[in-house]
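The values are calculated or read from the model by the stated rules, or taken from the named source; none is laboratory data. Because the structure is predicted, anything quoted here is derived from the model rather than measured. Because the Cβ atoms are built from the backbone with ideal geometry, glycine has one as well, and the counts that use them run over all protein chains shown.
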Amino acid sequence: MIVVGAGPAGGIAALRLSRAGARVLLLDKQALGRDKPCGGGLTPRAWMDFEVPLDDLVVARAGAVDVRRGSAAAVSIGLGTRPVLMVRRRDFDRRIATAAGEAGADLHDREAVTGIDVDARGVRVTSNRGVYHGSVLLIASGAEGSLRAGIPLPAPATNSAVALEVEAPARADQLHADRVLFDYSISGGYAWAFPKGDAWNVGVVTVRRDIAPRLRALLGAFVEATGIEFAQRQRTLAAAQGRRIPLHDPRSRRAAGRAALLGDAAGLADPFFGEGIAQAAASGRAAAATAMSVLRGEQADMTAYDMALQLGMGAHLRRMAWIARAVYAMPRLAVRALSLAPARAVAGRLATEPFRLAPPHRRATL
C-alpha cells in the first residue's frame with residue numbers, strides 16, 4: 001500500500017493499514033511537524049474514538065460556540081459534554097504520522113511524488129528519490145495537490161472557499177477563553193476566533209470570489225472589533241496565510257480503480273463551517289477498510305470507498321450545504337433565529353454528531 005500525504009487523512013489511513021498487518025509506504029513532501037494554515041479545532045466527530053492519545057496536545061477546550069453578526073450580541077450554543085478541542089496542527093499531524101511509523105509504516109518525509117501510474121493490477125509511484133510499486137494508492141496530498149491528474153476521474157468540482165488566518169500569542173480580554181466565536185458579518189462566509197491557551201487562531205473565510213481580495217482588510221477589522229491584542233499586530237497580520245478550502249460536492253467521485261482521494265484532496269470540507277479534519281480522519285478510516293478488502297481479494301478496486309463516504313457523511317454534508325446557502329443569504333435572520341432554544345439545540349447537534357461509516361462491502365444509493 002502507498003499513501004501520499006501524512007496529514008490526518010493519510011496518517012490515519014497508514015496507521016490503520018499498518019495495524020491491520022499491511023505493508024505501508026507513507027510519503028510526504030514536507031518535513032513532519034510543519035505548521036500549516038488551519039484553525040486546529042477538533043469537533044467531537046473528529047476526536048471521539050480517535051486512534052491516538054490527544055489529551056496532552058489539547059491547549060484549550062471550548063465548551064460553547066458564540067455566534068454573532070458584527071456588533072450585535074452573541075448567541076451562545078452549549079456543547080454539553082462534547083467540547084471542541086483546540087490543538088496545534090504541527091503537533092497533531094506529527095502524533096498521527098509517528099504512530100503510523102511505530103505501527104510499521106515506512107515513513108518518508110521530505111519526499112515529493114512526481115508521478116503516478118494506476119492500472120487494474122496495482123500502482124506505481126515515482127518520487128524524487130525512487131520508484132515504488134503497490135497494490136493500492138491513497139492520495140491525501142491536500143487541497144493544492146496535483147496528483148489527481150494521474151487517476152482516471154472526471155474533473156474535480158470547483159466548489160471551494162478562500163480563507164486567510166493567523167495564529168500567534170495574544171490577549172483577548174473581550175472574548176471567552178473557553179468558547180469559539182463565529183461572526184457572520186463576512187459576506188458569503190464568516191470570521192472566527194479560536195482560543196489556544198496563550199494564543200488565538202483568527203481568520204476569515206468566504207465562498208465569494210469578489211470578496212477574496214479584501215480578506216486581509218476584513219481580518220484586520222475583525223481583530224480590531226474583537227479586541228484581540230497581538231504583541232506585534234501589524235507584523236502578525238501581515239504574516240497571515242491564505243488557503244483554498246475544497247468544499248464537499250456530491251457530484252464528485254473520489255475513487256477509480258485501485259486509487260482513491262482522501263481529505264482535502266477529495267474535496268470533503270464542510271460547506272458551512274469549512275471543517276475538514278473530521279472528514280479527513282473519516283476518509284482515512286474508510287479508505288483503509290476498503291484497501292484491506294482489496295488486499296484480501298474481497299473487492300476488485302476502491303469503488304466501495306466512495307460508497308462508504310456517501311453513506312456515512314453524504315447526508316450530513318448535503319444538509320450543511322443547504323444551511324450555508326440559507327445563512328449566507330440571510331445572516332442577520334439566521335443569528336436571530338438561534339436565540340430560540342429549538343434552533344440552538346439543532347445547531348448543537350449538528351456541531352457534535354459523529355459520522356457513521358459503512359463497512360466496505362455495503363452498497364449505498366448515490
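A few comments on the model shown:
- In region 126-161, residue surrounded by the most Cβ atoms within 10 Å (Cβ to Cβ) [restricted to those that are closer than 13 Å to Ala256 by Cα and modelled with pLDDT of 85 or more]: Leu138
For every residue, the table says whether it meets (1) within 30 Å of Gly312 (Cβ to Cβ); (2) outside any loop (DSSP other than H, G, I, E, B); (3) at pLDDT 90 or above.
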site	(1), (2), (3)
Glu224	no, yes, yes
Arg243	yes, yes, no
Pro246	yes, yes, no
Pro250	yes, no, no
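- Residue match in region 276-283 (condition: within 26 Å of Val67 (Cα to Cα), of a type in the set (Val, Ile, Thr) and touching a Cys at 6+ places or on another chain (Cβ under 8 Å)): yes
- Test: residue in region 9-19 that is on the phi > 0 side of the Ramachandran plot and of a type outside the set (Ser, Thr, Tyr): no
- Close contacts from region 117-144, counting a first residue that is on the phi > 0 side of the Ramachandran plot and a second that is modelled with pLDDT of 85 or more and loosely packed, with under 13 Cβ neighbours inside 10 Å, with Cβ to Cβ under 8 Å and a gap of 6+ residues or different chains, come to Gly122/His133.
- Ala260 being in contact with a Leu (Cβ under 8 Å, 6 or more places away or on another chain) and surrounded by fewer than 24 Cβ atoms within 10 Å (Cβ to Cβ): no
- Within region 26-47, residues that are over 30 Å from Val65 (Cβ atoms) have Cβ atoms under 6 Å from residues that are part of a helix (DSSP H, G or I) and not hydrophobic (A, V, I, L, M, F, W, C) in these pairs: Leu32/Arg94, counting only partners at least 6 apart in sequence or on another chain.
- Checking each residue in region 69-95 for being at pLDDT below 90 and within 29 Å of Asp35 (Cβ to Cβ) picks out Leu79, Arg82.
- Strands (runs of 3 or more DSSP E) lying entirely in region 1-83 (those with 2 or more residues that are surrounded by fewer than 24 Cβ atoms within 10 Å (Cβ to Cβ) and not aromatic (Phe, Trp, Tyr)): 60-62, 64-68, 75-78
- Among the residues of region 162-190, just one is among the charged types (D, E, K, R), part of a strand (DSSP E or B) and surrounded by fewer than 18 Cβ atoms within 10 Å (Cβ to Cβ), namely Arg171.
Table: residues versus (1) assigned to a helix (DSSP H, G or I); (2) out of contact with any His (no Cβ under 8 Å at 6 or more places or on another chain); (3) farther than 30 Å from Phe92 by Cβ.
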residue	(1), (2), (3)
Gln279	yes, no, no
Gly284	yes, yes, no
Leu309	yes, yes, no
His316	yes, yes, no
Arg319	yes, yes, no
Arg325	yes, yes, yes
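- The set of residues in region 90-125 that are small (Gly, Ala, Ser), surrounded by 22 or more Cβ atoms within 10 Å (Cβ to Cβ) and either under 27 Å from Thr303 (Cβ atoms) or over 22 Å from the mean Cα position of the chain (by Cα) (or both) comprises Ala100, Ala105.
- Verdict on Arg110 being part of a loop (DSSP other than H, G, I, E, B) and over 18 Å from Gly11 (Cβ atoms): no
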